1. Find the centroid of the Cα atoms in segment 35-72 and in segment 194-255, then give the distance between the two in whole Å.
2. Taking H as built 1.01 Å from N, whose amide H comes closer than 5 Å to the amide H of residue 129, not counting residues under 5 places away?
3. Taking the beta-carbon count within 10 Å as an exposure proxy, list 320, 23 from fewest neighbours to most.
4. What shape does the chain have by the C-alpha gyration tensor, where a ≥ b ≥ c are the square roots of the eigenvalues, rounded means a/c under 1.5, and otherwise prolate means a/b greater than b/c and oblate the rest?
5. Along its three principal axes, how long is segment 172-215 when you only count alpha carbons? Whole Å, largest extent first please.
6. What nm value, rounded to one decimal, do you get for the distance between residue 259 and residue 398 when each label is placed 7 Å out toward the C-beta?
7. Sort by residue number and name the cysteines in the chain that have no neighbouring cysteine Cβ under 4.7 Å.
8. If each Cα of segment 80-158 is one equal point scatterer, what is log10 of I(q)/I(0) from the Debye formula at q = 0.13, 0.14, 0.23 Å⁻¹?
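Read-outs throughout are calculated quantities, based only on the coordinates presented, and are distinct from any laboratory measurement. Everything numeric in this text was worked out from a predicted model, so none of it was measured. Virtual Cβ from ideal backbone geometry, glycine too; neighbours counted across all protein chains shown.
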Amino acid sequence: MKLTKEEKAMLAGAYGEGTSLAMKVLVAIGEAYDAPYMVPVTRTHVALSNQEADLWFAERLAKGGAVCRVRPTVNPSFNWRACEEFTQLEAEDLAIVKRTHAAYTKLGAIMTYDCTPYLERNVPRFGETIAFSESSATPFVNSVYGARSNRESAQSALCSAVTGVTPYYGFLLYENRAGEVLVHVDADLQDDFDYQMLGYLTPRKTGFAVPVFEGITEPSKEALMNLGAELNTGGNVALYHIVGFTPEAPTREAAFHGKKPQKEVTITRPELDAMREELSAPGGKIDFALYGCPHFTIDQVTTIAEMVKGKTLAVPLFIMTSSLTKNLAQKMGYEETIRQAGGYIIDDTCMDQPCWKFLYGKKGITDSPKCAYYTKRRQMEFVIAPLKDSVTAALEGHY
Ligand code: F3S
């Protein structure tokens, strides 16, 4: 790769071992993808995870003196102070959380602990070159805003945060952003939940290609959040277009850059229903309800607060969200309402964290296939249902 004087200096260790390692990783990625050079990034988001490999890498960069030039926002960990209200945490889990916090803070990250930064704290503009990891974030910034990011890992995004650059390849190039497969949505998508199933099912038909949806009108931000999260749970899709809605697809022709689609597929209502049938555990008695994968918006919190107001939940209900949204929910009285019904709003927390150990082996309900997917390895079972239906189930204790 052709590197600038400054990039060569970073690689050679002029800014310390940590920065040198970050640049080495990016050069290796660039060479693997035949990137000719690096380009500057203006925003980064790191899918911090608390897992040992993540911590090992972050600590190694921090010990090597690396400091982020483009400070990233970060994914949720778990808010141990909030979780201690309903579960006893294990010392080794607490230790890893605190070490992760210390390492990322030392690196200069902005400790947002939120997996929907694209809605409130790290919002790019059209055409901006950025390095975002996190499965719902990358398709949102690429597709809905028209910013340019590859589907970064936590580590590659962190390397870009440290060095301020990313290899120029993939979805950073205009020509690679063309649609590839036309997806006719032949189903009346009735609510945000339908987009969960659409997202999960689409990659089965389109593979790694860039899908172009036709037949979708005015999806909500929650629907788009769901769509992106599931496109990267059921598959691997960093960019999609919606004809007449997303900025790079004012027309079908524009979405495909004037070329013919490689293939056309159709998605029908019976297929969406069958997808849900396949992903969901059977109904029956449930032990808890869990929401916020991705983190819930204030509108989603409102829906739950209004449904449980003045009632008592039959099972505990947990909502994961950003600290900004939790703060808003407190100000608006929703947190108190939910708490009185027997539910909790927890900020800064992800469902794929050890704070949920007390739910292992139990059966829950959620509106998120991604939540159900990640927790399978922890012996958690989920009925997957539309938000309102699932809250009704939490009030009754069965679905
Ligand atoms: Fe967010 Fe964790 Fe789900 S990062 S999308 S709550 S897996």
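1. First find each Cα centre; the distance between them is then 28 Å.
2. 42, 148
3. 23, 320
4. Oblate, because a/c is 1.5 or more while a/b does not exceed b/c.
5. Principal axes ranked by extent give 35, 18, 17 Å for the Cα atoms.
6. Each label point is offset 7 Å from its Cα along the Cβ direction, giving 5.5 nm.
7. 68, 115, 159, 350
8. At q = 0.13, 0.14, 0.23 Å⁻¹ the computed log10 ratios are -0.53, -0.59, -1.07.
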